[in-house]
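The values are calculated or read from the model by the stated rules, or taken from the named source; none is laboratory data. The structure presented is a predicted model; accordingly, all values stated were derived computationally and were not measured. Don't worry about glycine lacking a Cβ; one is built from the backbone with ideal geometry, like all the others, and counts go over all protein chains shown.
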Amino acid sequence: MPKKEKILIFIDWFLPGYKAGGPIQSVNNIVFHLHDEFDISIVTSNKDLGESVPYDNLEFNTWQVKANYKVMYLDENHQNSTRYKKIIEEEHYDYVYYNSLFSVKFTLLPLWTYRKTALKQVLAPRGMVGKGALAIKPLKKKIFISLFKLNGLHKKVVWHATSSLEKEEIEMQFGHELDTRIAPNLSSKMGVYQDKEKREKCLNVFFLSRIALKKNLLKALEYLSKTNSEYKISFSIIGPIDESEYWQSCEEYIKKMPKHIEVSYLGAIPNYKLKDTLKNQHILLLPTMHENFGHVIMESWQNGCPVIISDQTPWEKLKEKYIGYSVPLSETDKFVDKINHFAEMDKVSFNTWSKSSYDFAETFTQKPQLVIDTKKLFK
């Protein structure tokens, strides 16, 4: 049996962390689909997103062996070039994979440390070069991109784009003479479809994402506040508070919401528990400023929930597929209209959309080509 090639992955947060959402799932799904063919090692921090306290019951700064991979949780004193050099001196790796663009400790530092080695390096910007994403803290990001190019780092990596749209975004920022490969995100296994309970003029809406300006929760609240007052709408907010000042603005808005909207903040929910929450939900409302893929969108469909999202994602022609609506952010009335449309539905008509959403996700996630494309990032 031929010896497996080795991939070393750098990611800011990983399991048992869950507050960083999609990126953790992206890497977990790469491990799930590729571990038969590759030996995978993960280097990450020893805390979850936004936490000051490290994980309980885990050893740090040394390899922990799991079922399909091994992982090293580094404390802040060990997130440095010296440790990164030691990692590749102790073991031979064929590939390095970076799961972020704007991470200093888990992309820029190891990439700079390994710049003169023969390691093949793959970088996933994870939607961070989209127009909507770059509009947030633009000066800081402009400086980062300029330094990245000045040092020629953009030509030392294979770029992992998850769609043709993201490939264009990468090339717009870093030029066209790049090795950019398209591999849509892999997804986890799906459960069995179940019809949803749904009454006319009642609707359970959820927001599933980090609470941050980019994800646009405030806009979602605004759209909901303008829905027909005859409808009874329950709105569940799921996700960690990433930007506390932004959350304060949302809380102020929630206090003024009309009586027909009931708002609950459920906090961050670990991915393995999400199914239990989403089985009682109807639609995802996510007027995001930018997604290169949007794991939460796919997770909604996997759980039989159609979506109302902005047009700043790669997902198109949702209405034709009966899986939701994609609406320009400037068109408030359309967002409101689509929420009203779902609220009006009875159980039978809603479950047509629910089952279509589930079927679409099943077809998309079961494509063997997705795994082949991911392997081509390395081969």
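What number of residues within the range 320-333 satisfy the criterion of being at pLDDT 95 or above and either loosely packed, with under 14 Cβ neighbours inside 10 Å or not assigned by TED's automatic domain parsing to the domain that holds residue 345 (or both)? Summing the residues that are at pLDDT 95 or above and either loosely packed, with under 14 Cβ neighbours inside 10 Å or not assigned by TED's automatic domain parsing to the domain that holds residue 345 (or both) in the range 320-333 gives 4.
Does residue 156 meet the test of being more than 23 Å from residue 294 (Cβ to Cβ) and without any contact (Cβ under 8 Å) to a residue 12 or more places away in the chain?
The answer is no for residue 156.
If you go through the range 134-154 one residue at a time, do you hit one that is farther than 30 Å from residue 312 by Cα, surrounded by fewer than 16 Cβ atoms within 10 Å (Cβ to Cβ), out of contact with any strand residue (DSSP E or B) (no Cβ under 7 Å at 6 or more places or on another chain) and in the same structural domain as residue 35 (by TED's automatic domain parsing)? Steps first, please.
First, pick out the residues of the range 134-154 that are farther than 30 Å from residue 312 by Cα: 151.
This time we only want the ones that are surrounded by fewer than 16 Cβ atoms within 10 Å (Cβ to Cβ), so: 151.
Within this subset, residues satisfying the condition of being out of contact with any strand residue (DSSP E or B) (no Cβ under 7 Å at 6 or more places or on another chain) are 151.
Filter again for in the same structural domain as residue 35 (by TED's automatic domain parsing), leaving 151.
Yes, because at least one residue in the range 134-154 is farther than 30 Å from residue 312 by Cα, surrounded by fewer than 16 Cβ atoms within 10 Å (Cβ to Cβ), out of contact with any strand residue (DSSP E or B) (no Cβ under 7 Å at 6 or more places or on another chain) and in the same structural domain as residue 35 (by TED's automatic domain parsing).
Is there a residue in the range 188-206 that is aromatic (Phe, Trp, Tyr) and assigned by TED's automatic domain parsing to the domain that holds residue 350? Yes, the range 188-206 contains at least one residue that is aromatic (Phe, Trp, Tyr) and assigned by TED's automatic domain parsing to the domain that holds residue 350.
Here residue 356 does not qualify as outside the structural domain of residue 126 (by TED's automatic domain parsing), buried (at least 20 other Cβ atoms within 10 Å of the Cβ), among the hydroxyl-bearing types (Ser, Thr, Tyr) and farther than 30 Å from residue 121 by Cα. With respect to being in a strand (DSSP E or B) and in contact with a His (Cβ under 6 Å, 6 or more places away or on another chain), residue 203 fits the description.
Conditions tested, residue by residue: (1) buried (at least 17 other Cβ atoms within 10 Å of the Cβ); (2) more than 23 Å from residue 310 (Cβ to Cβ); (3) of a type in the set (A, V, I, L, M).
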{"site": "184", "(1), (2), (3)": "yes, no, no"}
{"site": "195", "(1), (2), (3)": "no, yes, no"}
{"site": "203", "(1), (2), (3)": "yes, no, yes"}
{"site": "245", "(1), (2), (3)": "no, no, no"}
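Going through (1) in contact with a helix residue (DSSP H, G or I) (Cβ under 8 Å, 6 or more places away or on another chain); (2) surrounded by fewer than 21 Cβ atoms within 10 Å (Cβ to Cβ) one by one, residue 273 falls short only on (1). Among (1) without any contact (Cβ under 8 Å) to a residue 40 or more places away in the chain; (2) among the polar types (S, T, N, Q); (3) in contact with a Cys (Cβ under 6 Å, 6 or more places away or on another chain), which single condition is residue 234 missing? Answer for residue 234: the failing condition is (3).
Within the range 119-133, no residue satisfies the criterion of being within 20 Å of residue 373 (Cα to Cα), surrounded by fewer than 20 Cβ atoms within 10 Å (Cβ to Cβ) and modelled with pLDDT under 85.
So that you can scan it fast, the table gives a plain yes or no per residue for (1) of a type in the set (S, T, N, Q); (2) without any contact (Cβ under 8 Å) to a residue 12 or more places away in the chain; (3) within 23 Å of residue 185 (Cα to Cα); (4) loosely packed, with under 15 Cβ neighbours inside 10 Å:
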site: 241; (1), (2), (3), (4): no, no, no, no
site: 260; (1), (2), (3), (4): no, no, no, no
site: 291; (1), (2), (3), (4): no, no, yes, no
site: 312; (1), (2), (3), (4): yes, no, yes, no
site: 315; (1), (2), (3), (4): no, no, yes, no
